[in-house]
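Colleague: My questions will all concern the structure given below.
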Amino acid sequence: MKKFAPDNSGKIQISSNEASVNWLLCDAPSDVDKKYLVGLGVDLGLLNDALDPHEVPRLEFTSDWIYLIMRAPNVSGDSGDFTTPILFAINANMLITVSRDDLSQLWQPFIEGAILDSGQTKQLFLMMMEFMAQNYQSKVAQINRQMRALTDNTPRTYSKEIISVVEHERRLNDYLDALIPTNTALERLLSKDDFKFREEDADEIEDLSIDFEQVIARCKSLLRTIQNDRDSYRTIMDTRLNETMRALTVI
């Protein structure tokens with residue numbers, strides 16, 4: 001568990017001062033960590049839900065907290081899932097993130113680049129959402145480049161290329177399962193009266209929703225491309241099979 005607060009320049013730094021903590025980062029929490037979080041007021045049921053590897057994104061409210069469970073791109077690469085659940089718990093003074101996996105590799109660029117005003121937990125949350133949207137955009141752009149490289153060699157397609165295409169399809173479907181309900185949750189956030197954002201923050205949430213919608217549209221577009229490519233591969237394989245059978249018949 002790590003505690004962060006902005007320094008005088010606004011850069012996020014590890015802090016030992018409990019009063020100044022803006023962000024509490026808790027990856028792979030132990031029972032002691034969970035007890036500490038519950039002591040801060042975090043709902044135990046939602047905390048356990050966020051540690052379920054199959055949990056779907058959703059938004060929940062209590063009197064003092066807002067909870068967003070979303071799925072972040074998995075950076076560990078040691079499981080069959082391409083996304084992993086993460087809980088954002090926000091109150092007036094603090095933002096807490098909880099994940100079942102070690103996401104230090106994911107968060108490091110954010111920690112190094114974020115500039116934050118002291119005490120602005122909602123601003124920190126919006127910055128994190130923007131970072132997540134950019135992360136998904138980067139992942140989808142990478143898939144797009146890899147798909148272009150594969151389609152450039154369509155006439156010489158082999159089993160390993162087909163396996164790569166299937167994996168890209170699984171990854172994009174996993175991203176869609178994470179992005180669509182997350183975007184719905186952000187839209188719900190704007191309509192919550194007792195957790196008011198500033199007008200400029202509301203505008204930023206709308207911009208974030210547009211960013212997520214663009215990533216969703218790109219995922220769907222790539223999935224259509226994959227379907228077309230798969231049809232092409234099937235035609236090529238059928239042609240090769242017919243040529244082989246013709247040769248064997250002649251022999």
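Colleague: Hey, any hits in the stretch 22-39 for a residue that's out of contact with any helix residue (DSSP H, G or I) (no Cβ under 8 Å at 6 or more places or on another chain), within 30 Å of ARG170 (Cβ to Cβ) and surrounded by 12 or more Cβ atoms within 10 Å (Cβ to Cβ)?
Modeller: Yes, the stretch 22-39 contains at least one residue that is out of contact with any helix residue (DSSP H, G or I) (no Cβ under 8 Å at 6 or more places or on another chain), within 30 Å of ARG170 (Cβ to Cβ) and surrounded by 12 or more Cβ atoms within 10 Å (Cβ to Cβ).
Colleague: Note down all Cβ pairs under 9 Å where the first residue falls in the stretch 75-95 and is over 17 Å from ASN173 (Cβ atoms) and of a type in the set (Ser, Thr, Tyr), the second is modelled with pLDDT of 85 or more and open to solvent by 20 Å² or more (accessible area, probe 1.4 Å), and they're at least six residues apart or on different chains.
Modeller: If the second residue must be modelled with pLDDT of 85 or more and open to solvent by 20 Å² or more (accessible area, probe 1.4 Å), the pairs left are SER76/ASP101; SER76/ASP102; SER76/GLN105.
Colleague: I'm checking my understanding of the structure. Among residues of the stretch 93-136 that are touching a Gly at 6+ places or on another chain (Cβ under 9 Å) and assigned to a loop (DSSP other than H, G, I, E, B), which one is farthest from PRO6 (Cα to Cα)?
Modeller: ASN93
Colleague: Please find, among SER76, SER138, the residue that is hydroxyl-bearing (Ser, Thr, Tyr), at pLDDT 90 or above, out of contact with any Pro (no Cβ under 8 Å at 6 or more places or on another chain) and open to solvent by 10 Å² or more (accessible area, probe 1.4 Å).
Modeller: SER138
A quick yes/no check of all residues on (1) at pLDDT 90 or above; (2) assigned to a helix (DSSP H, G or I):
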residue: GLN146; (1), (2): no, yes
residue: GLU169; (1), (2): no, yes
residue: ASP194; (1), (2): no, no
residue: ALA217; (1), (2): yes, yes
residue: SER221; (1), (2): yes, yes
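Colleague: Moving on. Determine, yes or no, whether ALA19 is aliphatic (A, V, I, L, M), open to solvent by less than 60 Å² (accessible area, probe 1.4 Å) and either at pLDDT below 90 or not in a helix (DSSP H, G or I) (or both).
Modeller: No, not satisfied.
Colleague: List, please: which pairs have Cβ atoms under 9 Å, are six or more places apart or on different chains, and start with a residue in the stretch 28-50 that is touching a residue at least 60 places away in the same chain (Cβ under 8 Å) and end with one that is exposed (fewer than 14 other Cβ atoms within 10 Å of the Cβ)?
Modeller: Note: pairs meeting the criteria are ALA28/ASP102; LEU37/LEU44.
Colleague: Residue by residue through the stretch 44-61, note down the ones that are over 20 Å from LEU179 (Cβ atoms) and either open to solvent by 60 Å² or more (accessible area, probe 1.4 Å) or not in a loop (DSSP other than H, G, I, E, B) (or both).
Modeller: Those that are over 20 Å from LEU179 (Cβ atoms) and either open to solvent by 60 Å² or more (accessible area, probe 1.4 Å) or not in a loop (DSSP other than H, G, I, E, B) (or both): LEU44, GLY45, LEU46, LEU47, ASN48, PHE61.
The values are calculated or read from the model by the stated rules, or taken from the named source; none is laboratory data. The structure presented is a predicted model; accordingly, all values stated were derived computationally and were not measured. Using ideal geometry, Cβ is built from the backbone for each residue, glycine included, and neighbour counts are taken over all protein chains shown. When the accessible area is computed, the model is the full protein with side chains, heavy atoms only, and any ligands, DNA or RNA have been set aside. Shrake-Rupley method; radii C 1.70, N 1.55, O 1.52, S 1.80 Å.
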